[in-house]
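In what follows, a structure is listed as structure tokens, so that the remarks can point back to it.
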Amino acid sequence: MLALASRSVQRTVRWTAWLLAFAWVYRTLNAAFGLPRVPNLLRSSSERVPDRLPLVTVIVPAKNEQDAVGACLESLLRQDYPNLHIVAVDDRSTDRTPEILDTLAGMYPARLTALHVRELPDGWLGKTHAMALAAGEAETNRCSAWLLFTDADVLFAPPTIRLALAEAVDQHADHLVLPPSPILLGPGEVALLGFFQLMGAWGVRLWRVPDLKAPRDVLGIGAFGLVRASAYRQIGGYETLRMAVLDDLSLARRIKAAGLQTRAAFGAGLIRLRWAEGALGLVGVLTKNMFALFAFKPVLLLAGCAGIVALTLAPLVGLGFAITRIPSALALTGIGGMYLLLARYSQLPFWSFLLYPFGAVLLIYSLLHSMVVTLRQGGVRWRGTFYPLAELRRENRLLR
């Protein structure tokens, strides 16, 4: 009886290992054929210009960003697209951010407007309120055709907005996102961001983002979200996303759910940012977001952690057993192939594949840390304001 049970367990383990290998090989081959279909702005003509030069308003919310916001705004002021205005919003900063915004606005009054938020209204996150305020100002005073939402620590290459807008206009898109290239200074950052990108390839098929029949393939990126103003108004703007912790993803979901056209594009090096200093710094940055990604539900987050272990760490263990060695090697080949594919587009080095087990552990720790911290303090503390978990969960249910 024990022998029969043992053979049954071995058979289950073997077939599970083969299913896992098939999943990785299939997903990697799918990406190999799909990713080249995603537009690459660097492969288009360097002189590409959008038709009729529509007005773009760039919206930059900033809370205590004195070390980064100046460089961000200066890179935007150096854009080679002529019909551009920048609205920078000081969101209740307590450092030199207001002074930096006012100084630059005084130097470039025709191109940069500085707004200041003194108090946060009830029922708003600070960032969503700042972006809604700036979008309203752009609509009232300039009637912008496009809005570009970004963050205060992003650096833009001079042709970025011109090339992205030309792509959006040519493709009749209502929403276009551009993944940033990370500025990496340590192996911990490389490991975590490389693995985060690997898991992102499972969550979103970038080549299916425009497909309205693929509602789950949605991409929102806070560093670069270009939105047609009419589409922004059609979905109700950030007025309908007041308490959205994942505001960029929530905006993208609303746009696609409304039947509007959303796109993703590549452009390695066009926008760059330093996510955080070191692996633990990245974990800290992810604290507010990771639990929100699972709708603030512990069961879903723990299931996600289990899925990461099964997908990425189990093949390493399987190499140590004869019955699972071949399928585990195939699964690892698929993982390595996915790293190689993604390295072509992201400027993350392929050798980050060698650190992927460390990245897996770091991401799992980030997920658990986000959940524990949020549950322990009963909510999310972000930009100096505390938001109760009950309110965030209620708003999250309304957003879905």
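List of remarks:
- Restraint check, Lys63/Lys288; Lys213/Lys297; Lys63/Lys297, Cα-Cα greater than 20 Å: Lys213/Lys297; Lys63/Lys297
- Report summary: the helix-based calculation at 222 nm, which adds -39500 (n - 2.57) for every DSSP H run with n ≥ 4 and divides by the residues of the chain, gives -16500 deg cm²/dmol.
- Extension gain from Ser46 to Ala322, taking 0.36 nm per residue of separation minus the Cα-Cα distance: 94.0 nm
- Calculated diffusion of region 279-394, Stokes-Einstein form, Kirkwood radius summed over Cα pairs, 20 °C and 1.002 mPa s, µm²/s: 134
- Using a simple spin-label model with pseudo-atoms 7 Å out from Cα toward Cβ, Val9 and Glu99 lie 6.8 nm apart.
- A Förster distance of 41 Å, applied to the separation of the beta-carbon atoms of Asp122 and Arg233, puts the FRET efficiency at 0.95.
- Cβ crowding within 10 Å, taken as a proxy for footprinting-reagent exposure, orders Asp248, Asp90 from fewest neighbours to most as Asp248, Asp90.
- The ranking of Phe294, Phe156, Phe321 from fewest to most other beta carbons within 10 Å of each one's beta carbon is Phe321, Phe294, Phe156.
- Computing FRET efficiency as 1/(1 + (r/R0)^6) for Thr333 and Ala257, where r is the C-beta to C-beta distance and R0 is 51 Å, gives about 0.85.
- Surrounding net charge for Ile161, when Lys and Arg each add one and Asp and Glu each subtract one, Cβ distance under 13 Å: +2
- Highest-fluctuation residue, Ala314, Ala244, Ala331 considered, GNM on the chain with Cα pairs under 10 Å: Ala314
- Chain lengthening between Thr16 and Leu53 when straightened (0.36 nm per residue, less Cα-Cα): 7.8 nm
- Simple Cβ-charge dipole of region 259-349, Lys/Arg +1 and Asp/Glu -1, about Cα centre, in debye nearest 20: 180
- Cα gyration tensor shape for region 90-148, rounded if a/c is under 1.5, else prolate or oblate: oblate
- Straightening the chain between Ala23 and Lys213 buys 66.2 nm, computed as 0.36 nm per residue apart minus the Cα-Cα spacing.
- Dipole orientation for region 279-394: of the candidates Ile335, Thr385, Ser366, Thr385 has the Cα lying most toward the positive pole (charges on Cβ; Lys, Arg +1; Asp, Glu -1).
- A simple charge model with +1 on the Cβ of Lys and Arg, -1 on the Cβ of Asp and Glu and nothing else charged puts the dipole of the chain at about 1680 debye relative to its Cα centre.
- Panel order for Lys288, Lys127, by other beta carbons found within 10 Å of each beta carbon, from fewest to most: Lys288, Lys127.
Read the figures in this text as sums done on the coordinates, not as results from a lab. What you see is a predicted model; the values in this text were computed from it and never measured. In this analysis, Cβ positions are derived from the backbone assuming ideal geometry, glycine residues included, and neighbour counts consider all displayed protein chains.
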